[in-house]
1. Within region 75-93, how many residues are without any contact (Cβ under 8 Å) to a residue 40 or more places away in the chain and assigned to a helix (DSSP H, G or I)?
2. Tell me which residues, restricted to region 73-94, are surrounded by 13 or more Cβ atoms within 10 Å (Cβ to Cβ) and in contact with a Leu (Cβ under 9 Å, 6 or more places away or on another chain).
3. Taking region 325-343 as the search range and keeping residues that are at pLDDT 80 or above and exposed (fewer than 15 other Cβ atoms within 10 Å of the Cβ), which one is farthest from ligand 1 (Cβ to nearest atom)?
4. Yes or no: region 246-259 includes at least one residue that is within 30 Å of Pro357 (Cα to Cα), without any contact (Cβ under 8 Å) to a residue 12 or more places away in the chain and assigned to a helix (DSSP H, G or I).
5. Could you tell me which of the residues Leu290, Leu298, Leu294 is away from ligand 2 (no atom under 16 Å from the Cβ), exposed (fewer than 14 other Cβ atoms within 10 Å of the Cβ) and within 30 Å of Gly196 (Cβ to Cβ)?
6. State the number of residues belonging to region 359-410 that are among the small types (Gly, Ala, Ser) and more than 25 Å from the chain's Cα centre (by Cα).
7. Which of the residues spanning region 206-236 are within 16 Å of ligand 2 (Cβ to nearest atom), in contact (Cβ under 8 Å) with a residue 40 or more places away in the chain and either surrounded by fewer than 19 Cβ atoms within 10 Å (Cβ to Cβ) or assigned to a loop (DSSP other than H, G, I, E, B) (or both)?
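The values are calculated or read from the model by the stated rules, or taken from the named source; none is laboratory data. It should be emphasised that the depicted structure is a prediction, and the values quoted were computed from it without experimental measurement. FYI the Cβ positions are ideal-geometry reconstructions off the backbone, even for glycines, and counts take in every protein chain you see.
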Amino acid sequence: MTLELWIFCGVILGLILMSALFSGSETALTAVSRARMHRLANRGDGRASIVENLIEKRDRLIGVMLIGNNLINILASSLMTSMLLDIFGQAGVAYATAIMTVLLVIFAEVLPKSWAISSPERNSLSLVRFAQLAVWIFGPLSDLVNWIVRNILAIFGINLAAGISMFSAQEELRGAVDLLHKEGSVVKGDRDQIGGLLDLRELEVYDVMIHRTDMDSVNADDPIETIITEILASHHTRIPVWRGTNDNFVGVVHAKDLVRAIRDANRDFSKINIMKVATKPWFVPDTTTLQDQLNAFLRRKAHIAIVVDEYGDVQGLITLEDILEEIVGDIADEHDIDVQGVRPQPDGSILVDGSVPIRDLNRALDWNLPDTEATTIAGFVIHQTQSIPKEKQAYTFHGKRFTIIKREKNRITRLRIRPIEGEDKPKAR
Ligand SMILES: Nc1ncnc2c1ncn2[C@@H]1O[C@H](COP(=O)(O)OP(=O)(O)OP(=O)(O)O)[C@@H](O)[C@H]1O
Ligand SMILES: [Mg+2]
């Protein structure tokens, strides 16, 4: 063999090695766990933070790896072909194709990819400098390629922007939890709790608050005996106080503070000034996320807040327990009334009060009725039918048969829901 041939072979080997680096990086970086990289980066690992940056723009990264890989593979094959053409004449094309296919598949594809996937974390950390350099060189080209592809698809009416949008980390986590549940390593209760935790960022105070019409409150200007009787009659510990109009809240009375005041008053109730017993109300916007509201409760060491809309009008109240219930499910205490309103029947159907929140129903029965358009099950039926159905009317949607049992004026107060055979399998939340 001449020196020239040796050089050719050396270059081709070098190119195959480079191609292997591209394939390996692509696999390692697409398989790596974002969460783990994030944790490492937070602990100060510089390479992990580069990995995090790279996989943030996943489309670009994959484009770069494909371009690099193809460029090198084609270059190596062309070199091999030209070398074998010199030696064997026209037959060299066939030899080159056969040899390069075998070499590339084994050494530039399967081997590096299998190696990369064996430990994506460790391998992406060791390949990250290479990947970073590749992105630096081919990044703009990859953007151009993506742009061309998107426009060609657009001509055929296919819109990539919507479909290809990457899963957010949150959806990924939710998917993982559902998957583990399916595999049996996470029980339903745990899945609900993890799902509930994730929901805290998406749900707003308005979604779980107690509506103003269901609030127990007292009028500051009523005689103190009336106030005491009302507070005793309430199942709740903290009672908002209003003055003038019943949406003008001026305080919140804690039953225990009231007991103390009664003792101090020494039987002379007229000495009690309810406004002195009450604490200042805390108003929060109805659009606060549950996550933020939970943090605010903990920071303020508060248990109850009055919910107002953007105009400052009172919408309802929310307590710490309402948020915790999103995670752990119903919390009942001694004085809570059983507001279930969901009664499974022996025939498999379920009687439901119209006021039951869709979320509670979904949680209790592991259903998956959409809760974006309406809050209560009555609201859901009205939204679906675009009318206020009469008693005995029945509808089928979302795999369930809804029969109206009772309607009072314009409200559906009770309905029967029957899962339709074959469609009532619990769905992932
Ligand atoms: N004054 C009130 N009027 C109507 N609903 C209330 C009132 N106070 C609390 N709730 C609701 O009662 C449920 C239980 O909340 P929470 O446990 O915080 O109150 P509580 O049982 O009265 O107080 P605690 O458990 O501290 O004695 C929650 O859904 C909450 O929104
Ligand atoms: Mg309670």
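1. Looking only at that region, the number is 12.
2. If the condition is that a residue be surrounded by 13 or more Cβ atoms within 10 Å (Cβ to Cβ) and in contact with a Leu (Cβ under 9 Å, 6 or more places away or on another chain), then Asn73, Leu75, Ala76, Ser77, Leu79, Met80, Met83, Gly92, Val93 are the ones that fit.
3. Of all residues in region 325-343, those at pLDDT 80 or above come to 325-328, 341-343.
With the extra rule that they be exposed (fewer than 15 other Cβ atoms within 10 Å of the Cβ), the set shrinks to 328, 343.
On the way: Val328: 13, Arg343: 20 Å.
Among those residues, the one meeting the criterion is Arg343.
4. no
5. Just one listed residue meets the conditions, Leu298.
6. Looking only at region 359-410, we keep the residues that are among the small types (Gly, Ala, Ser), and these are 364, 374, 378-379, 387, 394, 399.
Those still in the list that are more than 25 Å from the chain's Cα centre (by Cα) too: 378, 387, 394.
Residues in region 359-410 being among the small types (Gly, Ala, Ser) and more than 25 Å from the chain's Cα centre (by Cα): 3 in total.
7. Scanning region 206-236 gives Met209, Ile210, Asp214, Met215, His235, His236.
Matching residues to (1) touching a Lys or Arg at 6+ places or on another chain (Cβ under 8 Å); (2) in a helix (DSSP H, G or I); (3) farther than 28 Å from Asn53 by Cα; (4) among the polar types (S, T, N, Q):
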residue	(1), (2), (3), (4)
Tyr95	no, yes, yes, no
Leu104	no, yes, yes, no
Phe107	no, yes, yes, no
Val110	no, yes, no, no
Ser124	no, yes, no, yes
Gln132	no, yes, no, yes
Trp136	no, yes, no, no
Leu144	no, yes, no, no
Trp147	no, yes, no, no
